[in-house]
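Before any comments, here is the structure.
The values are calculated or read from the model by the stated rules, or taken from the named source; none is laboratory data. For clarity, every value in this text was computed on a predicted model and none was experimentally measured. We place every Cβ from the backbone using ideal geometry, glycine too, and count neighbours over all the protein chains shown. Ligands, DNA and RNA are stripped out before the accessible areas are found, and what is left, the full protein with its side chains, is counted by its heavy atoms. Shrake-Rupley method; radii C 1.70, N 1.55, O 1.52, S 1.80 Å.
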Amino acid sequence: PEIERMIVREFGLDPVFAAVLAARGFETTEAVDRYLYPSYDHLPSPELLPDYRAAVDEILGARERKELIFIHGDYDVDGITSSALFGRFLPKIGCQVHTHVPHRFKEGYGIHSSAVEAAQEMGAKLFLTCDCGSGALEQIERAKELGMRVVVTDHHLIGDVWPRADAFVNPHRPDSLYPYPSLSGVGVVFRLCEGITRELGMPVDKYWANFVEFATLGTIADVMPLTGDNRVIAKMGLPQLSQTKKASLQ
């Protein structure tokens, strides 16, 4: 009852609504505020993502050397929006990219060996995954054998053996310092590219405005819990998604 009264007093909410929030474990003004009024200010630093520094260095290094980056996504909405975000953002900062979304039936889930061979034939020097790669041990090993560096960005649960990538960005890693592990695949990409935006001294508010729609669509379509970071992404992106100018999203 004390918590309910606090919520009513601080937020001017109906007592029944306050009782529901209290029953769901929201016991402080900060917790209620973050739940009801999520904002970008509530997001933790993307630098806390595991292997953040290694991933950024690999991507920006490929940019400086004018090397082709092969982006490998997945065929579901999370994987497509992850690919679209990388595929739109990286060229904006001067990267050369080729984006590959696997065929659901011909290649199946995850990374097919044919994609690795195709990347090498194109002359790609960096093999960059999104929404996949955590379990693609053999394919990533093959990419390394072919002389490519590999950055894996993913959000799936991890087995006992990790891919031997140059950077493995997955918030489910047991050594991760990132406080919210339940990001979607595109959520991981969204935060990583936000970090790159900040490092390059570009306006982060413009970055959010341009790319939150992709993060929102992938997060909701992949049925991620609408808590923490995901709640911020959904709250900020849904209004933009309903009036988007992007033809593909329309």
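Couple of notes before you dig in:
- When the range 1-16 is filtered for residues that are open to solvent by 30 Å² or more (accessible area, probe 1.4 Å) and either part of a helix (DSSP H, G or I) or polar (S, T, N, Q) (or both), the ones remaining, listed by number, are Glu2, Ile3, Glu4, Arg5, Val8, Arg9, Glu10, Phe11, Pro15, Val16.
- The residues listed here are Gly79, Gly87; of these, the one that is out of contact with any Cys (no Cβ under 8 Å at 6 or more places or on another chain), surrounded by 15 or more Cβ atoms within 10 Å (Cβ to Cβ), under 12 Å from Val189 (Cα atoms) and not hydrophobic (A, V, I, L, M, F, W, C) is Gly87.
- Residue within the range 179-186 that is farther than 23 Å from Leu128 by Cα, open to solvent by 10 Å² or more (accessible area, probe 1.4 Å), in contact with a Leu (Cβ under 9 Å, 6 or more places away or on another chain) and at pLDDT 95 or above present: yes
- Any chance Thr244 is in a helix (DSSP H, G or I), open to solvent by less than 40 Å² (accessible area, probe 1.4 Å), touching a helix residue (DSSP H, G or I) at 6+ places or on another chain (Cβ under 9 Å) and not charged (D, E, K, R): no
- The range 154-178 residues that are under 21 Å from Tyr109 (Cα atoms), paired with ones that are crowded, with 17+ Cβ neighbours inside 10 Å and of a type in the set (Asp, Glu) (beta carbon under 6 Å, 6 or more apart): Phe168/Asp51; Val169/Asp51; Asn170/Asp154
- Flag for Gly159 being open to solvent by less than 60 Å² (accessible area, probe 1.4 Å), under 28 Å from Val212 (Cβ atoms) and at pLDDT below 95: no
- Yes/no for Ile140 being buried (at least 20 other Cβ atoms within 10 Å of the Cβ), more than 19 Å from the chain's Cα centre (by Cα), modelled with pLDDT of 95 or more and in a helix (DSSP H, G or I): yes
- Residue in the range 118-135 that is in contact with a Leu (Cβ under 7 Å, 6 or more places away or on another chain), open to solvent by less than 40 Å² (accessible area, probe 1.4 Å) and closer than 23 Å to Ile233 by Cβ present: no
- Cβ separations smaller than 9 Å between residues 6+ apart or across chains give the following pairs from the range 92-111 residues that are among the charged types (D, E, K, R) to residues that are open to solvent by 40 Å² or more (accessible area, probe 1.4 Å) and assigned to a loop (DSSP other than H, G, I, E, B): Lys92/Met202; Arg104/Tyr75; Arg104/Asp76; Lys106/His112; Glu107/Tyr75.
- For the range 17-65, filtered to residues that are surrounded by fewer than 16 Cβ atoms within 10 Å (Cβ to Cβ) and among the basic types (Lys, Arg), the residue that is nearest to Leu126 (Cα to Cα) is Arg65.
- Filter pass, Val223 being of a type in the set (Val, Ile, Thr) and under 13 Å from the mean Cα position of the chain (by Cα): no
- Test: residue in the range 192-201 that is over 21 Å from Gly61 (Cβ atoms), open to solvent by 10 Å² or more (accessible area, probe 1.4 Å) and not acidic (Asp, Glu): no
- Residue list for the range 219-235, filter: outside any helix (DSSP H, G or I) and either among the aromatic types (Phe, Trp, Tyr) or free of Cβ contacts under 8 Å to residues at least 40 places away in the same chain (or both): Val223, Leu226
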